[in-house]
Ligand SMILES: Nc1ncnc2c1ncn2[C@@H]1O[C@H](COP(=O)(O)OP(=O)(O)OP(=O)(O)O)[C@@H](O)[C@H]1O
Ligand SMILES: [Mg+2]
């Protein structure tokens with residue numbers, strides 16, 4: 001599990017190699033290959049049911065894949081390779097790996113019985129065993145950065161949707177993750193609140209955090225993404241810089257999708 | 001945004017020049033903040049209240065004047081040493097039954113929710129069995145356990161024993177009662193706890209897992225506090241019903257409250273006042289438990305609403321103030337006064 005030894009060998013923050021995933025008889029991911037460079041922003045687009053969430057959840061092993069490999073910062077997720085065998089990691093080891101991968105949910109999933117500050121502090125202290133006082137100072141700075149510093153002692157239900165999602169982002173950031181995964185972070189928000197959350201994500205992008213964002217916000221993709229990935233029916237149809245995928249798509253399916261969304 | 005309340009019946013716009021508001025009839029131009037709200041009246045509420053009050057008064061009159069209640073005897077025995085000692089026994093049975101019952105209940109609930117099919121089946125069977133057997137029958141089994149097993153031994157399963165005890169020495173009457181109550185209670189509390197746990201949104205566990213929070217911590221810090229909201233009202237019901245249910249062990253000659261008053265009225269023949277002694281004690285302790293329940297529930301309600309509701313004490317004070325104001329002036333004080 002030593003990340004340090006293998007990390008130097010990889011220039012990628014996330015590597016996905018030949019990933020397949022089946023739910024019952026439905027093959028949701030049908031051979032996904034994707035590399036994400038450090039500090040880059042990857043936006044995943046695609047119609048509903050194309051497997052975007054499943055792919056994202058596979059990266060932090062919330063979903064186990066059937067075949068294929070996923071590496072974060074050069075470290076194999078969910079398994080340990082010995083020779084040509086993959087040994088499943090224990091639940092504890094998987095939890096440890098997850099604590100360096102941020103995940104932001106569509107419906108926030110903040111802990112309602114904890115204050116905003118407690119929400120942010122919880123995982124760094126319990127999962128990464130860091131010093132509580134130190135984490136609290138850092139957490140307040142993060143809340144400041146996402147613009148909800150004055151809500152540190154409020155409970156999540158006392159916040160607007162946009163504020164809750166910004167707290168969720170701070171909560172993910174507090175783990176100092178190697179990559180942050182966003183699953184439709186603005187889909188549960190009222191239109192006028194979408195902007196404030198996207199602004200926070202843009203700011204992370206400018207700071208060089210590695211981000212993978214599933215979204216339907218084409219404008220955001222064009223402005224922020226280094227790479228746009230278009231998925232349909234469990235495969236990556238095409239990927240490339242936004243100007244190429246969004247403005248001059250090579251494939252018919254991409255063209256239809258983009259013309260429908262715009 | 002201005003929070004001024006619009007005038008309910010103002011047809012004309014408010015006077016443009018403040019301070020010059022004419023004191024005309026309603027509907028004329030009056031500053032909105034000078035308008036007075038007159039509450040609608042409910043005559044039938046008064047009729048119903050008076051009718052009920054008469055019935056209650058008659059009942060209380062009967063309690064006080066009917067010599068059958070024999071309040072003198074009641075007062076004599078209410079705090080008698082033998083009664084208080086028996087009350088203490090009742091409290092002990094309740095506490096042991098609750099603590100052991102809920103401890104075992106947590107284990108049973110965890111087993112039923114686990115991924116291990118053997119544990120699931122064992123837990124399900126336990127709950128099925130102990131909910132099926134009437135408590136009194138189960139208690140009688142424990143009292144007669146020595147008839148089934150004369151000795152109790154600790155050693156290798158199916159192998160040699162290291163220590164042996166005589167069952168009648170180890171399991172006293174009180175212990176048999178505690179075992180019976182706790183095992184019975186465990187079956188019910190297991191279901192209550194399980195219901196609480198599965199009522200927590202799956203997204204909570206998913207978020208905890210995504211953050212890498214250790215498994216035990218996920219359970220105690222994330223799931224349990226949220227499950228408590230669903231568990232507490234039912235758990236309080238169980239404790240109260242166990243508290244009164246301890247009277248069932250009186251059939252086994254254990255000197256708890258109900259047994260003790262039976263002994264006393266058996267001697268003196270004053271059945272009614274002694275039953276009242278037990279009744280009032282049951283009511284007093286149940287009331288204390290209910291108050292405790294209220295504040296514990298409030299504690300676990302943190303974050304569940306935008307703001308916590310007032311406590312009954314705070315509410316009563318607001319009500320009385322409003323009532324007095326209404327009674328003296330015939331109108332509600334001010335909107336702001338209501339909110340306070
Ligand atoms: N746990 C599951 N069991 C069975 N089928 C599932 C499960 N999770 C997802 N699926 C199916 O897998 C397919 C892909 O789902 P996924 O959530 O990855 O789509 P998506 O691209 O994120 O769609 P959307 O844009 O609507 O969020 C869908 O057909 C869905 O019904
Ligand atoms: Mg999705």
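Just so you know, all these numbers are worked out from the coordinates, no wet-lab data involved. In this text, all values refer to a predicted model and were calculated from it rather than measured experimentally. Glycine gets a Cβ as well: all are built from the backbone with ideal geometry, and neighbour counts include every protein chain shown.
What average number of partner chain Cβ atoms lie no more than 10 Å from the Cβ of the residues making up B:293-303? Walk me through the numbers before you get to the answer.
On the way: counts 0, 0, 0, 0, 0, 0, 0, 1, 1, 5, 12.
Partner-chain Cβ atoms within 10 Å, mean over residues of B:293-303: 2.
Dividing the C-alpha radius of gyration of the range B:86-172 by 2.2 N^0.38 Å, with N its residue count, gives 1.35.
Relative contact order for chain A: what percent, with Cα pairs under 8 Å and sequence separation of 6 or more? Here the relative contact order equals 25 percent.
What is chain B's relative contact order, in percent, from Cα pairs under 8 angstrom and six or more apart in sequence?
Details: 307 pairs, mean separation 67.3, N = 340.
Normalised by residue count, the contact order of chain B is 20 percent.
Given an 8 Å cut-off on Cα distances and at least 6 residues of separation, report the relative contact order of the range B:111-202 as a percent. Relative contact order, the range B:111-202: 30 percent.
To the nearest 10 degrees, how steeply does helix B:81-113 sit against the main Cα axis of chain B, on a 0 to 90 scale? Between helix and principal axis, roughly 90 degrees. Inter-chain neighbour count for B:254-265: the average number of beta-carbon atoms from partner chains within 10 Å of each residue's beta-carbon is 0. Derived from the Cα gyration tensor, the three semi-axes of the equivalent ellipsoid of chain B are 56, 35, 14 Å, largest first. Highest mobility in the GNM of chain B, judged by mean-square fluctuation with C-alpha springs under 10 Å and restricted to B:313, B:281, B:71, is found for B:313.
Is the range B:235-302 best put as rounded, prolate or oblate by its Cα gyration tensor, with a ≥ b ≥ c the root eigenvalues, rounded for a/c under 1.5, and otherwise prolate when a/b is larger than b/c, oblate when not? Intermediate values should be presented prior to the final figure.
On the way: a/c = 5.09, a/b = 2.38, b/c = 2.14.
Verdict is prolate for the range B:235-302.
P(r) for the range A:48-199, from all Cα pairs and a bin width of 5 Å, is 2, 9, 17, 20, 18, 14, 10, 6, 3, 1, 0 %, short bins first.
Max-minus-min Cα coordinates of the range B:178-313 on each principal axis give 69, 38, 17 Å, with the largest extent listed first.
Across peptide B:201-209, the average count of Cβ atoms from other chains found within 10 Å of a residue's Cβ is 5. For chain A, the spread of Cα positions along the three principal axes, ordered from largest to smallest, is 50, 49, 36 Å.
In degrees from 0 to 90, rounded to the nearest 10, what is the angle of the helix B:271-300 Cα long axis to the longest principal axis of chain B? That helix lies at roughly 70 degrees to the long axis. If you run the Gaussian network model on chain B, springs between alpha carbon atoms under 10 Å, then out of B:273, B:157, B:214 the most flexible one is B:157.
Here is how the number arises for chain A: DSSP H runs of 4 or more residues each give -39500 (n - 2.57), the sum is divided by the residue count, and the result at 222 nm is -10500 deg cm²/dmol.
Comparing B:37, B:223, B:263 in a Gaussian network model of chain B, where Cα atoms under 10 Å apart are tied by springs, the biggest mean-square fluctuation is seen for B:37. For a bin width of 5 Å, list the pair-distance distribution of the range B:166-239 built from all Cα-Cα distances, rounded to whole %. In order of increasing distance, the bins hold 3, 15, 18, 15, 12, 11, 9, 7, 5, 3, 1 percent. Please work out the C-alpha center-to-center distance from the range B:96-135 to the range B:146-219 and express it in whole Å. So the two Cα centres are separated by 7 Å.
In units of the rule-of-thumb radius 2.2 N^0.38 Å, the protein assembly as shown shows an alpha carbon radius of gyration of 1.35.
For the range A:76-129, the Kirkwood hydrodynamic radius comes to 13.3 Å, computed from all pairs of different C-alpha atoms. When DSSP beta bridges are restricted to pairs lying wholly in the protein assembly as shown, around 65% turn out antiparallel.
Hey, what D do you get for the range A:111-213 in µm²/s if you plug the Kirkwood alpha-carbon radius into Stokes-Einstein at 4 °C and 1.567 mPa s? Please report the intermediate quantities before stating the final value.
Numbers: Rh = 13.8 Å.
Estimated diffusion coefficient is 94 µm²/s.
Expressed as an acute angle from 0 to 90° and rounded to the nearest 10, what is the orientation of the C-alpha long axis of helix B:312-329 relative to the principal long axis of chain B? With both axes taken from Cα atoms, the answer is about 30 degrees.
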